[in-house]
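Q: Quick one: structure below, then a few questions.
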Amino acid sequence: MYKSQSQRGDPMRVAIVKGNGYLDGRISRILVNNGIKGDVVSKITRSSLNEFDTLIFTYQNQTPNLPKLLEQIVLEKRIQVLYITNTPSIGQFYNLFDDVFFNYVMEVNIDVMIPKIIEISRKYLRKIKYLEETSRDAKESVSVLKNTNKAKRILMNKGLSEDDSHRFIIDKAMTLRMSKKAIVNLIIENKIDI
């Protein structure tokens, strides 16, 4: 069963991408006051994305091509992105505005919105990732099942019964110390002696 991050007790890891000392400090204080650990980082690299659950950028951030960078990060669906702005126009972020991994927060509301958004992130984004993994695993299982049935039909066309086909696949997997999936693929590719 899935446990939310708060149920597991995992600390939320938040990176404030350095922009302006005042606003960065204000965001850090908001995080600390709400029991959230936030690190001010000067830049984000691909490998550092795995270290954090949420990235906070501000309108004062001087990162070149910031909208394109944020779009890339958000579309990978690995990490929550908060963008703090002082204007209500979404302009350059119109591609991201409806994405669950992107939040657009007005500077005047950050005291309330940052902790709320991070709590929602804590509650739902990990569950979304868990469900996506479960979905991938289910698709893989269906694929293996379809290929197994295809391999059984091939074996049945060569004179084995369905039970004998199943036993043949299991025995070959054990004898050759290979996965059932690998044996099934070899049968389909006609690379195994029957």
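Q: Ile194 fails exactly one of the following numbered conditions: (1) among the aliphatic types (A, V, I, L, M); (2) part of a helix (DSSP H, G or I); (3) farther than 30 Å from Arg29 by Cα. What is the number of that condition?
A: The failed condition is (2).
Q: Turning to a different aspect of this structure: Exactly one condition in (1) within 17 Å of Tyr104 (Cβ to Cβ); (2) part of a loop (DSSP other than H, G, I, E, B) is not met by Arg78; state its number.
A: (1)
Q: Looking only at region 90-135, count how many residues are of a type outside the set (Lys, Arg), under 14 Å from Val14 (Cβ atoms), in a helix (DSSP H, G or I) and at pLDDT below 90.
A: Summing the residues that are of a type outside the set (Lys, Arg), under 14 Å from Val14 (Cβ atoms), in a helix (DSSP H, G or I) and at pLDDT below 90 in region 90-135 gives 6.
Q: Looking at (1) among the β-branched types (Val, Ile, Thr); (2) part of a loop (DSSP other than H, G, I, E, B); (3) under 23 Å from the mean Cα position of the chain (by Cα), which is the only condition Thr87 fails?
A: Looking at each condition in turn, Thr87 falls short on (3).
Q: Return yes or no: is Asp99 in contact with a strand residue (DSSP E or B) (Cβ under 8 Å, 6 or more places away or on another chain) and charged (D, E, K, R)?
A: no
Q: With the requirement that a residue be aromatic (Phe, Trp, Tyr) and surrounded by fewer than 14 Cβ atoms within 10 Å (Cβ to Cβ), what does region 84-99 give you?
A: Within region 84-99, the first condition is being aromatic (Phe, Trp, Tyr), and the residues that meet it are 93-94, 97.
Once the filter is applied, which keeps residues that are aromatic (Phe, Trp, Tyr) and surrounded by fewer than 14 Cβ atoms within 10 Å (Cβ to Cβ), region 84-99 yields Tyr94, Phe97.
Q: Does Ile73 satisfy the condition of being of a type in the set (A, V, I, L, M) and more than 19 Å from Lys129 (Cβ to Cβ)?
A: Criteria not met by Ile73.
Q: Which residues, taken from region 145-172, are farther than 15 Å from Glu189 by Cβ, assigned to a helix (DSSP H, G or I) and among the hydroxyl-bearing types (Ser, Thr, Tyr)?
A: Ser165
Yes or no, residue by residue, for (1) in a strand (DSSP E or B); (2) over 17 Å from Ile120 (Cα atoms); (3) out of contact with any Asp or Glu (no Cβ under 9 Å at 6 or more places or on another chain); (4) modelled with pLDDT of 90 or more:
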position	(1), (2), (3), (4)
Arg26	no, yes, no, yes
Ile30	no, no, no, yes
Gly35	no, no, yes, no
Lys43	no, yes, yes, no
Asn50	no, yes, yes, no
Pro64	no, yes, yes, no
Leu70	no, yes, yes, no
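Q: Of all residues in region 100-109 being of a type in the set (A, V, I, L, M) and loosely packed, with under 14 Cβ neighbours inside 10 Å, which is nearest to Thr58 (Cα to Cα)?
A: Checked region 100-109; the qualifying residue nearest to Thr58 (Cα to Cα) is Met106.
Q: Look through region 52-62, keep the residues that are part of a loop (DSSP other than H, G, I, E, B) and in contact with a strand residue (DSSP E or B) (Cβ under 9 Å, 6 or more places away or on another chain), and return whichever of them is surrounded by the fewest Cβ atoms within 10 Å (Cβ to Cβ).
A: Filtering region 52-62 for residues part of a loop (DSSP other than H, G, I, E, B) gives 52-53, 59-62.
After this cut, where a residue has to be in contact with a strand residue (DSSP E or B) (Cβ under 9 Å, 6 or more places away or on another chain) as well, the list is 52-53, 59-61.
Numbers: Phe52: 21, Asp53: 20, Tyr59: 14, Gln60: 16, Asn61: 19.
Filtering first and then ranking leaves Tyr59.
Q: For the condition assigned by TED's automatic domain parsing to the domain that holds Asn34, surrounded by fewer than 17 Cβ atoms within 10 Å (Cβ to Cβ) and among the β-branched types (Val, Ile, Thr), what is the one hit in Val81, Val74, Val112? Break it down stepwise before answering.
A: Numbers: Val81 fails: surrounded by fewer than 17 Cβ atoms within 10 Å (Cβ to Cβ); Val74 fails: surrounded by fewer than 17 Cβ atoms within 10 Å (Cβ to Cβ).
Of the residues listed, the single one that is assigned by TED's automatic domain parsing to the domain that holds Asn34, surrounded by fewer than 17 Cβ atoms within 10 Å (Cβ to Cβ) and among the β-branched types (Val, Ile, Thr) is Val112.
Q: Kindly establish whether Lys146 is of a type in the set (Lys, Arg) and surrounded by fewer than 15 Cβ atoms within 10 Å (Cβ to Cβ).
A: So Lys146 passes the test.
Q: Further question on the same structure: Looking at (1) outside any helix (DSSP H, G or I); (2) more than 16 Å from Thr85 (Cα to Cα); (3) at pLDDT below 90, which is the only condition Ser6 fails?
A: (1)
The values are calculated or read from the model by the stated rules, or taken from the named source; none is laboratory data. None of these values were measured; they are calculated from a predicted model. Cβ coordinates were reconstructed from backbone atoms using ideal geometry, including for glycine residues, and neighbour counts include every protein chain displayed.
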